[in-house]
1. In sequence order, what are the phi-derived ³J(HN,Hα) couplings for segment 23-29 according to the Karplus relation 6.51 cos²θ - 1.76 cosθ + 1.60 with θ = phi - 60°, rounded to whole Hz, with x for glycine and proline?
2. Ranking 18, 83 by Cβ neighbours within 10 Å, fewest first, what do you get?
3. Want the number for residue 32 to residue 55: 0.36 nm per residue separation, take away the alpha-carbon distance, what's left?
4. Which three extents, in whole angstrom, do the alpha-carbon atoms of segment 1-61 cover along their principal axes, largest first?
Amino acid sequence: MTETSLHGNALMVATAKKMWTHGGIRDYYRGLTLGLLGIIPYSAIDLGIFEGMKRAYIVAKMKSTDCPWEAAEPGRLSTHLFKSDVGIRKSCRVMYGRYQRKYRCFHCLPY
């Protein structure tokens, strides 16, 4: 590793210039396709969990109030809570997975 006198923004600008002279615009987007493809499974899981929670809410509301499907749609607060719950659960699983890998603790799952 070489030492450089550049730091902060100056280093970032110098690196961007080197990338531009080396490969042009293509160097800035290198790996973008694989990165986006890697996100798809996580997004599908989030969407599936959200839709499942929404459907369970609608069915429960329909049973308790005898209203049609359209009238049982959740409001903004309920929708926000579903999204928050999905995000919190995903974050907890990611952090727990990191804990397991770090301490070699694979004998239990949080839920």
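Values in this text are rule-based calculations from the coordinates and carry no lab data. Please read these numbers as outputs of a predicted model, since none were measured by experiment. Here the Cβ positions follow ideal geometry from the backbone for every residue, glycine too, while neighbour counts run over all protein chains shown.
1. Each residue's phi maps through the Karplus curve to give x, x, 5, 5, 5, 6, 10 Hz.
2. 18, 83
3. The residue 32-residue 55 span can extend by a further 4.9 nm.
4. 64, 23, 19
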